[in-house]
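The values are calculated or read from the model by the stated rules, or taken from the named source; none is laboratory data. All of these numbers come straight from a predicted model, not from anything done at the bench. Methodologically, a virtual Cβ is constructed for each residue, glycine included, from the backbone with ideal geometry; neighbour enumeration extends over all protein chains shown. Areas reflect the complete protein model, heavy atoms only, side chains present, ligands, DNA and RNA absent. Shrake-Rupley method; radii C 1.70, N 1.55, O 1.52, S 1.80 Å.
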Amino acid sequence: MEPDEYKPKASAKVRTRYHIVLVTKYRKHALAGIEADVLDSIRDAERRSRFAIHRINTGDGNHVHMLVSIPPDMTISGTVSRIKQLTTRELWSKHPDHLKRYYWGKHHKLWSAGYYCETVGRNSESIVERYIDNQRQAEAIHPRH
């Protein structure tokens, strides 16, 4: 057990891990070609929030896999919404011409309304990490420790 693996919270210690997958609207390959900025944007959302990303990978341009810790007083849906809102705003400001090839209209779209989330226990965490690392992205981003 790593010293900081469990986060003390008042009268409890918690260790939460979630495998979260965000999918682009209409499964368009809108992330292809801007993967580095997508990852930077998600990392920026992490810096501005209280969740922690342990693994992340953009896959084949139409989805993002993450292994995330979320404090117990935050909801998964709230965390996902925050990531989607912050990244949509940032990526549209950086890559409007690129994203206009995939989405049109006055409202900036990027992410599908839904998402995938599964809890990850200690025994299955290394399996999920390998799965995320093996997505079809040239370079996977690993933890900053």
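Observations on the structure shown:
- Heavy-atom SASA rank of Lys106, Lys28, Lys13, Lys84 (probe 1.4 Å, accessible area, largest first): Lys106, Lys13, Lys28, Lys84
- Pairs of Lys in the chain closer than 15 Å at Cα, counting only those 8 or more apart or on different chains: 8
- Counting Cα-Cα pairs of the chain in 10 Å increments starting at 0 gives whole-percent bin shares of 11, 43, 33, 11, 3, 0.
- Rh by Kirkwood over Cα pairs, then Stokes-Einstein D for segment 28-114 at 1.567 mPa s and 4 °C, µm²/s: 97
- Helix axis angle, 76-94 relative to the chain longest principal axis, alpha carbon, degrees: 40
- Candidates Ile76, Ile56, Ile127, ranked by Gaussian network fluctuation over the chain, Cα under 10 Å, top entry: Ile127
- Only Lys, Arg, Asp and Glu carry charge here, each on its Cβ (+1 for the first two, -1 for the last two); on that basis the chain has a dipole of about 560 debye about its Cα centre.
- The length gained by stretching the chain between Ser124 and Ser93 to full extension, at 0.36 nm per residue less their Cα-Cα distance, is 7.4 nm.
- Mean projection of the Cα convex hull over all viewing directions, computed for segment 8-62: 4.8 nm².
- Note on Tyr131 and Asp40: with the Förster distance fixed at 22 Å, the Cβ-Cβ geometry gives a FRET efficiency of about 0.45.
- Among residues other than Ala113 with Cβ under 11 Å from its Cβ, the summed charge is +3 (Lys and Arg +1, Asp and Glu -1).
- Efficiency of FRET between His108 and Ser11 - r from beta-carbon atoms, R0 41 angstrom, step 0.05: 0.45
- Overall, the accessible surface of the chain at a probe of 1.4 angstrom is composed of carbon and sulfur to the extent of 50 percent.
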